[in-house]
1. State to the nearest 20 debye the size of the charge dipole of segment 3-123 about its Cα centre, where the only charges are +1 on K and R beta carbons and -1 on D and E beta carbons.
2. Could you tally up the Lys pairs in the chain with alpha carbons closer than 25 Å? Skip any pair fewer than 8 positions apart unless they're on separate chains.
3. Enter the Cα centre distance for the pair segment 20-59 and segment 284-352, rounded to the nearest angstrom.
4. Working from the pairwise distances between different alpha carbons, so that the mean of 1/r is found and then inverted, what is the chain's Kirkwood radius in Å?
5. 5 Å is the cut-off here: which amide hydrogens, built 1.01 Å from N in the peptide plane, fall below it relative to Y149, excluding neighbours closer than 5 in sequence?
6. In the calculated pair distance distribution of segment 251-334, what percentage of Cα-Cα distances lie above 23 Å?
7. Counting only the backbone N, which residues of segment 190-205 are under 16 Å from the spot 7 Å out from the Cα of I139 toward its beta-carbon?
8. Please compute, over every Cα-Cα pair in segment 31-98, the percentage with a separation greater than 19 angstrom.
Amino acid sequence: MMATITDSTPAFELQPYKSLSNEELSSRIDKVRQQMGSELMILGHHYQQDEVIAHCDLRGDSFQLSRMAADNVDCKVIVFCGVHFMAETADILANRPERLETQDRVTVVLPDMAAGCSMADMAAIDQVENAWEELGELIDCEDITPVTYINSAASLKSFVGRHGGIVCTSSNAAAVLEWSFERTSRVLFFPDQHLGRNTSLAMGISNEQMPVWDPFALEMGGNSNEAIENSKVILWKGHCSVHQMFQAEHVETFRREHPGIQIMVHPECPQEVNDLADISGSTGKIIEVIEQAEAGSTWAIGTELHLVNRLKKEHPELEIHFLSPVVCMCATMYRVDLAHLCWTLENLAHGTPVNTISVDQETQRWSLVALQRMLDVK
Ligand code: 13P
Ligand code: SF4
């Protein structure tokens, strides 16, 4: 068994890579990929830019990428073209204890450490622990299942694992809530209020049963005791800054100007948008629907710009519009570019890995419990 690989002094500094052309970077990336062969697996989230996606062995939505990391059998390094919580999840799943009994540890690398997620940052572990304690003074916490969206730090996944809870993604949130309600009569859902609300509304839970917990409020997350006592799902006050920008009037304008258009959005969009859409689903589902769409049909899609632009290019037989008149792109996903990818790969090939992601053992143990519950549900 191999010990944890941590960062070493890089043989190559990042700066010079930034002035290389995309052609030069691409050919050097290809060279490392050939050299490392099946030892290296490059995973890419659908929101990555096309140049980066072109170098990914596999791409997927958050759930599919978790499965790929968990099911990986023979690679030694995963370079994760996505954001921080995704690389942490890959480390937790690829290096689970039973796998390490027979195989070497997998090194997980995030090409740019500044590729975070503003939504994940909206729920800090101390805020969630405070909320849990405060809730426990009013209601029985044994009767609450904490559910964290996968877009959260490993410390939060670990918190839910320790408290009988579970992780969800945008593709399995309904199944995860059903799992939760088989165990308890209430759920605390974080960090994305919109995914929690949209999913719960579709299951027949009303907004009156979904108070929003503001971690900055002085008491009870800004709610009356009665609102908490009558709750089914307590929603954390967090959101995705990209999907928050889609508005109901964007849907109305497209419907007016393009009769017959179909509107498809990601469930991280606010309720007013989600309610008006024809289809709501994860990035994986959005792609699947577009792949099966009837030639000549017209669509407006409300999710991150890079994915919508790629779908437009890949499907000239369809008329695809971006749902918002303003640019909604994930600035942190965009930090992963060819310069960072090439820099991390050449350091890896040289034996001086940089930007390695390694979750500590105790956090991994409980996060894995919460992630495994999710994988078992779907
Ligand atoms: P999915 O890939 O699960 O649809 O999530 C979208 C997203 O915002 C990832 O950060
Ligand atoms: Fe986070 Fe939103 Fe970017 Fe996804 S799109 S990584 S939820 S900020």
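1. Using Cβ point charges on Lys, Arg, Asp and Glu, segment 3-123 gives about 100 debye.
2. For the chain, qualifying lysine pairs total 11.
3. Rounded to whole Å, the Cα centres lie 15 Å apart.
4. Mean inverse Cα-Cα distance, inverted, gives 21.6 Å.
5. C168, F190, D192
6. Within segment 251-334, distances greater than 23 Å cover 13 percent of Cα pairs.
7. Of the residues in segment 190-205, 190, 196-197, 200-201, 205 have backbone N under 16 Å from the label point off I139.
8. 27 percent
Read-outs: derived from the displayed coordinates by stated rules, not from any lab. Predicted model, so just to flag it, every value in this text is computed and none were measured. Using ideal geometry, Cβ is built from the backbone for each residue, glycine included, and neighbour counts are taken over all protein chains shown.
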